[in-house]
Amino acid sequence: MKKGFQRSDRVAEQVRRDLADLIRSELKDPRVGMISLTAVELTPDYAHAKVFFTTLDAEHLEDVQRGLKRASGFLRRELGRRIHIHTLPELHFIYDNSLERGSSLSQLIDKAAALSDQTPED
């Protein structure tokens, strides 16, 4: 059973923080724009990292993903200068739509609550 934070959890969080800083301050690709990194999942051998992100510009999602994929080599190299681990993970960027799903579910709940308030009681 997992207790507390494992080393891999701490490394994943450090990768997320450093990548967010690199994207904000060093990345010059105009396609990427404003994104937010929500989570990083590392494989047990640290060979691969799934980097989950959200963006305010959802209609240009494909451009954002292409920009991130193109910049992944640069980001990996710069990450290697900041984090010293035995294997530097290959970065895989994945769009995280959980905020949109949560927002739509919240709207559905609000509509259901409004309808139940309008229903006359016996």
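Derivation of every value follows stated rules applied to the coordinates shown; laboratory data play no part. Just so we're clear, the structure is a prediction, and the values are computed from it rather than from any experiment. Heads up, the Cβs are rebuilt from the backbone with ideal geometry, glycines too, and the neighbour counts pull from every protein chain shown.
For THR38, the amide hydrogen comes within under 5 Å of the amide hydrogens of PHE52, PHE53, THR54, counting only partners 5 or more places away or on other chains and with H modelled in the peptide plane. Considering only LEU108, PRO44, GLY67, the residue lying farthest towards the positive end of the dipole of the chain is PRO44, judged by Cα position with unit charges set on Cβ.
When +1 charges are put on Lys and Arg Cβ atoms and -1 charges on Asp and Glu Cβ atoms, the dipole computed for the chain relative to its Cα centre reaches about 960 debye. Calculate the length of the line joining the C-alpha centroid of segment 4-77 to that of segment 78-119, in whole Å. Using only Cα atoms to place each centre, the spacing works out to 14 Å.
Could you list SER104, SER116, SER36 so that the one with the fewest beta carbons within 10 Å of its beta carbon is first and the one with the most is last? Present the calculation step by step, with values, prior to reporting the outcome.
Details: SER104 11, SER116 8, SER36 14.
Ordered from fewest to most neighbouring Cβ atoms within 10 Å, SER104, SER116, SER36 come out as SER116, SER104, SER36.
Within the chain, antiparallel bridges make up roughly 55 percent of the DSSP beta bridges whose residues both belong there.
How large is the helix-only mean residue ellipticity at 222 nm for the chain, computed as the sum of -39500 (n - 2.57) over DSSP H runs with n ≥ 4, divided by its residue count, in deg cm²/dmol to the nearest 500? Mind showing how you got there, number by number?
Working: 3 runs with 62 residues, N = 122.
One gets -17500 deg cm²/dmol as the mean residue ellipticity at 222 nm.
The relative contact order of segment 7-97 comes to 34 percent, based on Cα pairs under 8 Å that sit 6 or more residues apart. Between 0 and 90 degrees, the angle of helix 98-118 with respect to the longest Cα principal axis of the chain falls at about 10 degrees.
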